[in-house]
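Reviewing the structure listed below.
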Amino acid sequence: MSSSGPVDSDARVIACIPADEGIFRIALEAPRIASACRPGQFAMLEPSPGAFPVSRRPLTFSSCDPEAGSVTFLFDVAGAGTSILSRSVEGDSVRILGPLGRGWETAPGRWLMVAGGLGIAGFPFLLSTADEAVVMAGTRTGRGTSCCPPGTVLATEDGSVGMRGLVTGLLEDVEWDSFDSIAVCGPSAMMRAVVARTPPRVLGRVQVSMESRMGCGWGVCGGCPVPSSRGGFMSCCKDGPVFRACDVDWERIS
Amino acid sequence: MNPVTEGLPDSFWGIPVPGPVALASGTCGFGLELDAMGLLEDVALVFSKAVTPEPRDGNAPPRIHDTGYGLLNSIGLANPGLDRVLSEVLPAAAGLSRPLVLNVACESVSSFGSTVAALEAGGSHAGYEVNVSCPNVEAGGMAFGVDPAAVASVTRAVRLETRRPITVKLTPNGGDMVSAAKAAEDSGADAVTVCNTFLGMKLDWRTGRPVLARGVGGYSSPALLPLVVARVWQVGRAVRIPVIASGGVWEPGDVLELLAAGASLVQVGTGLLRRPSLPSELAAGIRELLCGT
């Protein structure tokens, strides 16, 4: 196996613990992946060594410790696969393929990070590389807010934590020109709304991490198309999952 | 052939192969990603994603759904099209460590002929897989495969344009696969691929709407192995040309079972998407199984 490409290996579970209601944090011992992965990249995790479910689950790296040889992921129990994964215990083995995809284009300066729901999952890793950052997050209820990095500016739709309303409401007072890079991650509709609120003059600084169902994660099945602003589709797993906002055709994002 | 008494194939179409495991079209691109990972070593042949005369963006998303027990896909033959395959893909694939078989899909008999004629000009590919069975496109696709007369016409059109070996990839979705296989054989095919995905659908009962944008898709699953074994068995008894099995392979024993059913080569697809190292894992597992017999 070449040193530059993704590695497929069995990783020992260091811990799998509830991070919030229905949200888990899993830590895996995967030294080769930990030494290679970049913020915004992802891995394909096999929930079970058996045939059920038939495909893996794509999860973005939440943190990475190259010296300890470990990586962590934050995930919602959304279906059968993540339910099985959430029952992992220390010492279990999980097959993991990674690192995959293109991550954030990291740059010096000041970052604005905007998350919707569990889109916050990858920001601790990005934050660890940023000189200075403001993090904003929106969730439906208070669920998930405990996963946000300290200092995150919060909005909840039910008003239980932070401002009542959507994350786009938090953007109204943002001094856009004070940020060198803007990172957005969350459900497609949320990202479309954030991009729509962004002044055109700073749109070139906006990167988005797209979500998609994935068949393979390593660029061959064509199962994760992202509409391109130049027509046709890009591949979320290979061309992304992080894209420049101006490269995505938001009109065709549902 | 029985792999237990006769051993494993060491060649196919006269090409030396390391074993019986090949890669199914649509699950390995043109082999470049796996080769970059160093994972083609135990692969007999790489069957490319479908090449169509014009570039195709593919179907609207969502294109894929994991039901847990199987995978529904509706990719829609997304590919760069004939011109770019000739100018960009085939030159890049020239250094591939295993032979490439080009899967070709068209909407008319004459287009099959002209597309293969154009592909003859470029590349050192080992042969063609004629796709008359895609469940995910409106025109062409499995509409050809369900009709033995149409299978014969397409096969003849391709045969006239090339001396490289041809396999015809058949559909399990309607029609008589044995008749279709005989039609391919009588029209000059050098093998048949049995078979493409099974037409399937998943609805969200809350909304009554399908989860895939196009509605129906192709279903693949290790649970379908007995359906493929039956079809390989039936077709294998009806034709003299080799049968390439495709579908349901998950474990080393599955490969041996398909060989016992009459297959000469066994493609892996959905299992490969999950584990790019599957061919090597199967090869090691097969050695272990046969060692104990």
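Assorted remarks:
- Å² of accessible area per residue within segment B:52-121, as computed with a 1.4 Å probe and no ligands counted: 39
- Straight-distance candidates among the lysines for linking to residue B:49, with alpha-carbon spacing under 17 Å and chain neighbours fewer than 8 residues away dropped: A:238, B:169.
- Under the Debye formula (equal points on every Cα, no solvent term), log10 I(q)/I(0) of segment B:1-90 at q = 0.20 Å⁻¹: -1.06
- Spatially, segment A:215-230 and segment B:101-117 are offset by 25 Å when compared through their Cα centroids.
- Taking the accessible area of chain B, probe 1.4 Å, and keeping the other protein chains in place, the carbon and sulfur fraction comes to 53%.
- 0 to 90° range, to nearest 10: angle between helix A:188-197 axis and chain A longest Cα axis: 30
- Mean separation of Cα contacts under 8 Å (6+ apart) over length of segment B:151-293, as relative contact order %: 19
- Chain B: DSSP helices with Cα axial extent of at least 15 Å and average Kyte-Doolittle hydropathy no lower than -1.0: B:109-120, B:148-159, B:225-238, B:278-291
- Principal axis dimensions, largest first and in whole angstrom, of chain B by Cα: 51, 49, 40
- Projected onto its three principal axes, the C-alpha set of the protein assembly as shown covers 74, 51, 46 Å, listed from the longest axis down.
- Those aspartates and glutamates that a straight Cα-Cα span of less than 19 Å connects to residue B:182, excepting residues fewer than 8 apart in one chain: B:129, B:147, B:190
- Antiparallel DSSP beta bridges within the protein assembly as shown, as percent of all bridges there, nearest 5: 50
- The Rg/Rh ratio for chain A, using Cα coordinates for both the radius of gyration and the Kirkwood hydrodynamic radius, is 0.95.
- Computed over protein heavy atoms with a 1.4 Å probe, the accessible surface of segment A:7-100 works out to 38 Å² per residue.
- Globularity index of segment B:55-118, i.e. its alpha-carbon radius of gyration over 2.2 N^0.38 Å: 1.40
- Gaussian network model of chain A, springs between alpha carbon atoms under 10 Å - residue of A:87, A:140, A:56 with greatest fluctuation: A:87
- Kirkwood hydrodynamic radius over Cα pairs of segment A:1-126, then Stokes diffusion coefficient at 37 °C and 0.692 mPa s, in µm²/s: 222
- Chain A - percent of accessible surface contributed by carbon and sulfur, probe 1.4 Å: 49
- Averaged over A:210-218, number of beta-carbon atoms from partner chains that fall within 10 Å: 5
The values are calculated or read from the model by the stated rules, or taken from the named source; none is laboratory data. In this text, all values refer to a predicted model and were calculated from it rather than measured experimentally. We place every Cβ from the backbone using ideal geometry, glycine too, and count neighbours over all the protein chains shown. All accessible areas refer to the heavy atoms of the entire protein, side chains included, with ligands and DNA or RNA removed. Shrake-Rupley method; radii C 1.70, N 1.55, O 1.52, S 1.80 Å.
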